[in-house]
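Scroll down for the structure; my scribbles are underneath it.
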Amino acid sequence: MKAIVMHEFGPPDVLKYEDVPDPQPRAGEIRIRVHAATVNRVLDVSLRAGKETRRAPVLPLIPGVDCAGTVDAVGPGVTRWKIGQHVAAAGGMPLQPVPEDCENYDGPQGMMGIKRSGGFAELVCVPACVVVPLPNGINFHDAAVVMRHCPTAWNLLFNTAKLQRGETVLIMGAGGNLGMTGIQIAKNVIGATVICAAGADDRVKHGLSLGADHGINYNTQDIRAEVLKLTGGKGVNVLYDNIANPKVLPQAFMAIGFQGRLVTAGAHGGPNVMINFSHLYHNQITIIGRPGHEPADLPKCFAAAAEGKIKPQIERIMPLSRAAEAHRLMESGEATGKIVLDPTMG
């Protein structure tokens, strides 16, 4: 099969398009014929550049921390999945605690595309228990994007912030994929009032087009003053962040109201941010960092996408062979939506 192989850390050119042996599914695994895999800023681009060594990636490595495609083969002990089914997979392999249907799995642990071969290939083997069936009405490219960002955003808003219908949420990084997904879940699924914030007018405008009720350009406006104006001085119930911008987040934090919640699953813009502890304790604010997701939320994410409540934002679909170019595009900062690699295109 063809795959992207990384033998060393470095610039995008370390991503080599090579012929490698077809992987064979072990006990408890299925093999997916990949139709889509997304390019991610931290788990792909920063990892390739050697900035994520704390994750201890294993080289040589086939990157790609998610994928969507069809079941191509099943290993011993796998009975749930059938050849040809449309599926998606991402994340740790297997999940912890280990689900009951992973009892037959005896393969490598860790995250795909970091500790084990990932989705930047024509074929990839993953534990059967981490695979999600795709509903009718969602294509492979959209499915890969949903699998990457929707579960994290869902987990932050539903399980962590416990955002309620009628509450107000401030979505930071509205031009990023986790921000764009958060806007849609908060508005279209939960029914909250959404204020989106970004550092450029075009990104604010895009957030508004996704359903946000209000938009703030934090580079030209005072984010705290604008939020307090929009909320009648009360502040927001939830601040949703995944950037940790040291210049902007302290101001946004001051816009959290009484018993508000700050939830986060990222810090690539920081990681160090100063906050006002007086505002924290006087307003009884809760701060929770929570990456990942609950497995039970995955079907809900895909159902919401199939119903049109969450529309994946895709910047470009490119052949797998152009992975290095995709990484350069991601590093340029020009891509607003997701970049998806499709091995069926070459």
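Identify all residues within segment 41-67 that are touching a Ser or Thr at 6+ places or on another chain (Cβ under 9 Å) and either basic (Lys, Arg) or over 15 Å from residue 110 (Cβ atoms) (or both); write none if there are none.
Those that are touching a Ser or Thr at 6+ places or on another chain (Cβ under 9 Å) and either basic (Lys, Arg) or over 15 Å from residue 110 (Cβ atoms) (or both): 44, 67.
When segment 271-283 is examined, which residues are found to be touching a helix residue (DSSP H, G or I) at 6+ places or on another chain (Cβ under 9 Å) and either exposed (fewer than 15 other Cβ atoms within 10 Å of the Cβ) or closer than 30 Å to residue 136 by Cβ (or both)?
Scanning segment 271-283 gives 274, 276.
Filter segment 228-243 down to the residues that are part of a helix (DSSP H, G or I) and closer than 17 Å to residue 166 by Cβ and list them by number.
Correct list: 230 only.
Before we move on, is residue 177 open to solvent by 20 Å² or more (accessible area, probe 1.4 Å), modelled with pLDDT of 95 or more and not basic (Lys, Arg)?
no
List the strands (runs of 3 or more DSSP E) inside segment 64-166, counting only whole elements, that have at least 2 residues being aliphatic (A, V, I, L, M), at pLDDT 95 or above and open to solvent by 10 Å² or more (accessible area, probe 1.4 Å).
In segment 64-166, the matching strands (runs of 3 or more DSSP E) lie at 66-74.
Let me confirm something: among 306, 335, 323, which residue is at pLDDT 95 or above, out of contact with any His (no Cβ under 7 Å at 6 or more places or on another chain) and surrounded by 15 or more Cβ atoms within 10 Å (Cβ to Cβ)?
After ruling out the rest, the residue left standing is 323.
For residue 286, state whether it is open to solvent by 50 Å² or more (accessible area, probe 1.4 Å) and among the hydroxyl-bearing types (Ser, Thr, Tyr).
Against the criterion (open to solvent by 50 Å² or more (accessible area, probe 1.4 Å) and among the hydroxyl-bearing types (Ser, Thr, Tyr)), residue 286 qualifies.
If the Cβ limit is 6 Å and pairs must be 6+ apart or interchain, which residue in segment 8-22 that is assigned to a helix (DSSP H, G or I) pairs with which residue that is open to solvent by less than 80 Å² (accessible area, probe 1.4 Å)?
Every condition considered, the pairs that remain are 12/324; 12/327; 13/324; 14/6.
Among the residues of segment 288-331, count how many are in contact (Cβ under 8 Å) with a residue 40 or more places away in the chain, closer than 25 Å to residue 209 by Cα and of a type in the set (Lys, Arg).
Residues that pass the stated criteria total 3.
So which of 293, 268 is touching a Phe, Trp or Tyr at 6+ places or on another chain (Cβ under 9 Å), in a loop (DSSP other than H, G, I, E, B) and either closer than 30 Å to residue 62 by Cα or open to solvent by less than 30 Å² (accessible area, probe 1.4 Å) (or both)?
293
Search segment 200-223 for residues being crowded, with 18+ Cβ neighbours inside 10 Å and closer than 19 Å to residue 269 by Cα, and hand back the single one that is modelled with the lowest pLDDT.
203
The values are calculated or read from the model by the stated rules, or taken from the named source; none is laboratory data. Please read all numbers here as calculations on a predicted model, not as lab measurements. Here the Cβ is made from the backbone with ideal geometry for all residues, glycine too, and neighbour counts use every protein chain on show. Just so you know, the surface numbers come from the protein's heavy atoms only, side chains and all, with ligands and any DNA or RNA stripped out. Shrake-Rupley method; radii C 1.70, N 1.55, O 1.52, S 1.80 Å.
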